[in-house]
Amino acid sequence: MTLLTLDAIGRSFGAIQALAGVDLSIAAGEVVGLMGDNGAGKSTLAKIIAGNFPPSSGTMMFDGQQVAFARPVDARAVGIEVVYQDLALADNLSAAANVFLGRELHRRIGPFLLLDHSAMQQRATALFRELKSETRAEDLVRQMSGGQRQAVAIARTRLADARLIIMDEPTAAISVRQVAEVLALIGRLREAGIAVILISHRMPDIFETCDRVVVMRRGRKVADKPIAASSPQEVTGLITGALETA
Amino acid sequence: MANVISSDMRRPAWYAGGFFASQTAYVSGALAIIVIIMAALAPVFLSLGNLINVATNFSYIAIVSLGATLVILTAGIDLSVGSVMALTAILTALLLRWTSASPLGAVPGLAMSVAVLGGLLSACGIGLINGLLIARLELTPFVTTLGMLSVARGLCYAITRGAGVAITGGDADLFSSLTDGDILGVPLPLIYLLILAAGMGVFLHHTASGRYVFALGGNERAARLAGVPVARIKTGVYVASALLAGFAGILMAGWLGSVPANLAQGYELRIIAAAVIGGANLSGGIGGPSGAVVGAALIEVIRNGLVLARVDTYWQDTLVGVIIIAAVVVDRLRSRRTGS
Ligand SMILES: Nc1ncnc2c1ncn2[C@@H]1O[C@H](COP(=O)(O)OP(=O)(O)O)[C@@H](O)[C@H]1O
Ligand SMILES: [Mg+2]
């Protein structure tokens, strides 16, 4: 079942054509690797899908409906979540507080609506267990490793019952062991039937986890094929421009 | 840092985490030690009269410091609080004079209620202007509230022509008993402070808005992306800061019986210092009401000690400055050691 369909998406920033004529479709539970050199337009594409800004041209369909997002909350409302490159967590708050930031659970005490700490703690703990992460819900994010932070950011998306999760370079700044942890998390998202767009510079990440690889160059999509039908050599050629298309 | 392996991260011992590891905790310790030393050096320090005096004096600062802490939590600053204290007190005193002379004066307490409400409303208005300029127009808090410091103080002098305004009218006694009275010997300002501090604690730790205040100071962009109403929360903390300042100004008016145009002039530094000494981090995200209370208490106890020890009062500001720097230095050394 096709979840997301992009049709001839273009985006310009003044004179800069950041994206031109990008078509893309993603099915539920599919993990798509999005690769390309710096400035190729990966983040711009991710931001359009996430509703950070609208495309200059082209249309988007999500779950069979044409969509146009004015703000990120609109995209979130239909089930599109983003794990940002720099994670966007408040590191003075606990893991649970970050997971629930902006959608806190409450309980009523007399006339007051107060935070339901224990419910949020339990739910966050369950999410981390589900993600097989050792992150503790009550720990401050400040004290966490890069991998645990990823788990917090991903747990946020799970909480929202996301259907498509966009991860912009989740493995850019973390250690080898944590990379394995994050890739395992992506595998678990796939098992749960969630589609993932994984933006990465790291060839092994893509070839280990993704079903498909999409390569961008100077704002255009130059390749879109099953992982099994491609190779790191071919993708490298596509990224650098040594290969025109594949 | 990237090499920390998750399973190796143990929970810190109870004394090394949470409150006990906070700046507020060791400043409380320092406060206790200073109180003991002072009691030993000058027995009059522990006399009931002196304690009530200290408690009353520090309550005014601490109440405003609660608001300053809220603002600092969002990584902002409010320099206008001293002026807002004075302007609110002046407007309240003037309103009280007018309402007492009007038909409202016929009902006991009505003239006073209207005057106090009017005063607080004006404080709210100033906070709203600060907040909207900072949250919507994205002006820097420092410059905006520095401007407001001058605007509000200027209004104080312009309205009173530089003279004081006395608390007069039929409700004057009631006003005095509600601002400067006591319950079983405990001065009312201290009681108001404790109620407000407790309320602020509940707000910060048990409501979504309170949590957003922390989130905003921790990572404003993250808060925005998570759908936190950033502008509303920011505006709110400046309104709260102005309201608390206005309330403290009204309490001081009751204590003094009249409001000079230079009321609370220069207090903003002591107020912000109290918050910072108590553990509020000027870069945002860390702090709380107990810090404001403890910080204000520490400053007042030391000031009082200097007076009792007959140290030239001109040294007070110097010493307060030294304490601020010392508290921040200790905090820095501590966080470097624990690597957080
Ligand atoms: N907000 C923006 N304003 C102007 N130009 C932008 C903006 N965002 C991206 N661009 C430009 O669009 C192009 C694609 O950028 P981006 O999508 O960030 O690439 P990638 O994530 O693949 O490295 C670049 O040339 C970049 O400079
Ligand atoms: Mg990018």
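The values are calculated or read from the model by the stated rules, or taken from the named source; none is laboratory data. Since the model is a prediction, treat every value here as computed from it, not as a measurement. Because the Cβ atoms are built from the backbone with ideal geometry, glycine has one as well, and the counts that use them run over all protein chains shown.
When B:Leu120, B:Leu133, B:Leu146 are screened for being touching a residue at least 24 places away in the same chain (Cβ under 8 Å) and crowded, with 18+ Cβ neighbours inside 10 Å, only B:Leu120 passes. Pairs meeting the criteria (first residue in segment A:155-174 and within 13 Å of chain B (Cβ to nearest Cβ) and polar (S, T, N, Q), second residue more than 16 Å from ligand 2 (Cβ to nearest atom) and in a loop (DSSP other than H, G, I, E, B), beta carbons under 9 Å, at least 6 apart or on different chains) are A:Thr157/A:Ile194. Considering (1) in a helix (DSSP H, G or I); (2) buried (at least 19 other Cβ atoms within 10 Å of the Cβ), the lone condition that A:Val213 does not fulfil carries the number (1). Restricting attention to segment A:33-53, the residues that are in a helix (DSSP H, G or I), within 9 Å of ligand 1 (Cβ to nearest atom) and in contact with a Lys or Arg (Cβ under 7 Å, 6 or more places away or on another chain) total 1.
Within segment A:79-106, the set of residues being free of Cβ contacts under 8 Å to residues at least 24 places away in the same chain and surrounded by fewer than 19 Cβ atoms within 10 Å (Cβ to Cβ) comprises A:Asp86, A:Leu105, A:His106. Considering the conditions (1) closer than 24 Å to B:Asn50 by Cα; (2) modelled with pLDDT of 85 or more; (3) exposed (fewer than 14 other Cβ atoms within 10 Å of the Cβ); (4) β-branched (Val, Ile, Thr), B:Val322 is excluded by exactly one of them, (1). The set of residues in segment A:38-61 that are more than 10 Å from ligand 2 (Cβ to nearest atom) and in contact (Cβ under 8 Å) with a residue 60 or more places away in the chain comprises A:Ile49, A:Ala50. Considering segment A:172-199, the residues that are in contact with a helix residue (DSSP H, G or I) (Cβ under 6 Å, 6 or more places away or on another chain) and under 16 Å from A:Glu30 (Cα atoms) include one that is surrounded by the fewest Cβ atoms within 10 Å (Cβ to Cβ), namely A:Leu183. The number of residues in segment B:286-319 being over 22 Å from the mean Cα position of the chain (by Cα), in a helix (DSSP H, G or I) and at pLDDT 80 or above comes to 5.
Quick check on segment A:108-135: of everything there that is part of a loop (DSSP other than H, G, I, E, B) and under 23 Å from B:Thr207 (Cα atoms), which residue is nearest to the other protein chains (Cβ to nearest Cβ)?
Initial filter on segment A:108-135 (part of a loop (DSSP other than H, G, I, E, B)): A:110-111, A:116, A:131-135.
Narrowing the set further to residues that are under 23 Å from B:Thr207 (Cα atoms) leaves A:110-111, A:116.
Details: A:Gly110: 12, A:Pro111: 13, A:Asp116: 10 Å.
For segment A:108-135, the residue satisfying everything is A:Asp116.
Taking the numbered list (1) under 23 Å from A:Ser200 (Cα atoms); (2) modelled with pLDDT of 90 or more; (3) not polar (S, T, N, Q) in turn, A:Arg107 passes all entries but (1).
If you check A:Ala229, A:Ala155, A:Ala160, A:Ala242, which single one turns out to be surrounded by 15 or more Cβ atoms within 10 Å (Cβ to Cβ), of a type in the set (Gly, Ala, Ser) and modelled with pLDDT of 85 or more? Don't jump to the end; show me each part of the working.
Working: A:Ala229 fails: surrounded by 15 or more Cβ atoms within 10 Å (Cβ to Cβ); A:Ala160 fails: modelled with pLDDT of 85 or more; A:Ala242 fails: surrounded by 15 or more Cβ atoms within 10 Å (Cβ to Cβ).
From the options A:Ala229, A:Ala155, A:Ala160, A:Ala242, the qualifying one is A:Ala155.
Taking the stated definitions as given, is A:Val196 assigned to a helix (DSSP H, G or I) and over 12 Å from A:Met35 (Cα atoms)? So A:Val196 does not fit the description; no.
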